[in-house]
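Shown next, in C-alpha cells, is the structure this report addresses.
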Amino acid sequence: MGDLGGALERAVMDALWAADEPLRVRELLNLLNATAGRRLAYNTVQTVAERLTRKDLLRRVPDGQAFRYAPTQSRDDFTVALLLDALTDSPDQGAILARLVESVPEADARRMLDALNARTTEPGSGSGSGSGAGDEARG
C-alpha cells in the first residue's frame, strides 16, 4: 500500500475522496485552486496524480484523449490499512492497541467496544476465523 508523502498528495486524495466521480486533472486543479493558498500549475497536479497512481492509491480511467482519476479505495479503507501497517510494524501490538483505546474520546471507545463485541458474538467468529490482515496485526 502506498502512503501520502506530502500536503499536496493529501489534498489531491481528499478532493478525489469527496468527489462523486473520477475527475480529470483540470477539474482536480480547479477544486484545489479554489481552496489553496497559492495557485497550483496543471503540470504539478498531473505529476502528483501520476505519482499517486504509481503508489496504487489512484487508478486512471480513460476519457477520450485524457484520463480521469479515482481513488483505488475509500478513505476509511485507506486509514484502516495505515493503522494495520503501523500496528504490524510494532513489536508490541497489545501495548499499541491499549494506548489507542486509552487515547480516543469515550464515544469512540464505546464504538470500538461495540464493534469488538459484535465481531466476537457473530456466529462463526471464533478465534480461527479472521480476515487475514487483522490476524497478522494481533501477532
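Computed values, structure above
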item: Modelled label reach - residue 44, point 7 Å along Cα→Cβ, the range 17-36 residues with backbone N closer than 11 Å; result: 33, 36
item: Helical contribution to [θ] at 222 nm, DSSP H n ≥ 4, -39,500 (n - 2.57), averaged over the chain, rounded to 500; result: -18500 deg cm²/dmol
item: Rounded to whole Hz, the Karplus (6.51, -1.76, 1.60) HN-Hα couplings of the range 93-103, x for glycine and proline; result: 4, x, 5, 5, 4, 4, 5, 4, 4, 6, 8
item: Highest-MSF residue in the chain out of 115, 15, 66 [GNM, Cα springs under 10 Å]; result: 115
item: Cβ-placed point charges (K, R +1; D, E -1), dipole of the range 1-125 about Cα centre in debye, nearest 20; result: 640 debye
item: Anisotropy class of the range 36-81 from Cα gyration tensor, a/c 1.5 cut; result: oblate
item: Kirkwood Rh in Å, taken over all unlike Cα pairs in the chain; result: 17.6 Å
item: Choice from 80, 101, 25 showing the highest fluctuation, given a GNM over the chain with Cα pairs closer than 10 Å; result: 101
item: Accessible area of the range 1-121 belonging to carbon and sulfur atoms, whole % at 1.4 Å probe; result: 52 percent
item: Extension gain (nm, one decimal) between residue 19 and residue 96, 0.36 nm per residue minus Cα-Cα; result: 24.4 nm
item: Relative contact order of the range 1-88, pairs being alpha-carbon contacts under 8 Å that are 6 or more residues apart, as %; result: 33 percent
item: Per residue accessible area in Å² of the chain, where ligands, DNA and RNA are left out and the probe is 1.4 Å; result: 67 Å²
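The values are calculated or read from the model by the stated rules, or taken from the named source; none is laboratory data. Note that the coordinates shown come from a computational prediction; the quantities given were computed from them, not determined experimentally. Virtual Cβ from ideal backbone geometry, glycine too; neighbours counted across all protein chains shown. We work out accessible area using only protein heavy atoms, side chains counted, and drop any ligands, DNA or RNA first. Shrake-Rupley method; radii C 1.70, N 1.55, O 1.52, S 1.80 Å.
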